[in-house]
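The values are calculated or read from the model by the stated rules, or taken from the named source; none is laboratory data. Please read all numbers here as calculations on a predicted model, not as lab measurements. Note that each Cβ is placed from the backbone with ideal geometry, even for glycine, and that neighbours are counted across all protein chains shown. These area figures cover heavy atoms from the full protein model, side chains too; ligands, DNA and RNA do not enter into them. Shrake-Rupley method; radii C 1.70, N 1.55, O 1.52, S 1.80 Å.
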Amino acid sequence: MGKLLLANLPEDEQSDLLATMKLTKPGPNTITSKKALRDELDQIHEENFAVDDQELAAELHSIAAPVRNDAREVVAAVSLEADISMITLAELVDALSPHLVSTADRISARLGYRRDDES
């Protein structure tokens, strides 16, 4: 969720925040390069979806989708986390991301957000 929210900040706020961040390594796959993090944030922003493969903690996968308000701003995120012993990351994405995105869309609709194809 953190990467998704960071990816959707206004560019100046994102740059200011990244400049002050010290990237530590709580998980075995944590991104510790600001360049790599910026690249991932760009991808997340483009795809409107984030994936975490043992970045936050060892043996934990997670996925996140944005919640938007009526001004189309990302104001929150919803996520699913799972232990790697229970489900692979590919299975988490393939089987559960449609449900997660649908949930985020329903919450967003309650906040007044409408996709372009719904206008």
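Remarks
- Hits in the range 7-52 - residues which are of a type in the set (A, V, I, L, M), closer than 18 Å to residue 77 by Cα and touching a helix residue (DSSP H, G or I) at 6+ places or on another chain (Cβ under 6 Å): 7, 41, 44, 50
- Filter result (aromatic (Phe, Trp, Tyr) and farther than 16 Å from residue 90 by Cβ) within the range 29-68: none
- Cβ pairs under 7 Å, 6+ apart, first in the range 57-82 and over 24 Å from residue 24 (Cβ atoms) and in a strand (DSSP E or B), second open to solvent by 30 Å² or more (accessible area, probe 1.4 Å) and among the small types (Gly, Ala, Ser): 67/76
- Summed over the range 2-48, the residues that are open to solvent by less than 90 Å² (accessible area, probe 1.4 Å) and under 25 Å from residue 59 (Cα atoms) give a count of 25.
- Scan the range 5-20 for residues that are more than 18 Å from the chain's Cα centre (by Cα) and among the hydrophobic types (A, V, I, L, M, F, W, C) and the total you get is 1.
- Residue that is surrounded by the most Cβ atoms within 10 Å (Cβ to Cβ), among those in the range 94-118 that are free of Cβ contacts under 8 Å to residues at least 12 places away in the same chain and of a type in the set (A, V, I, L, M): 109
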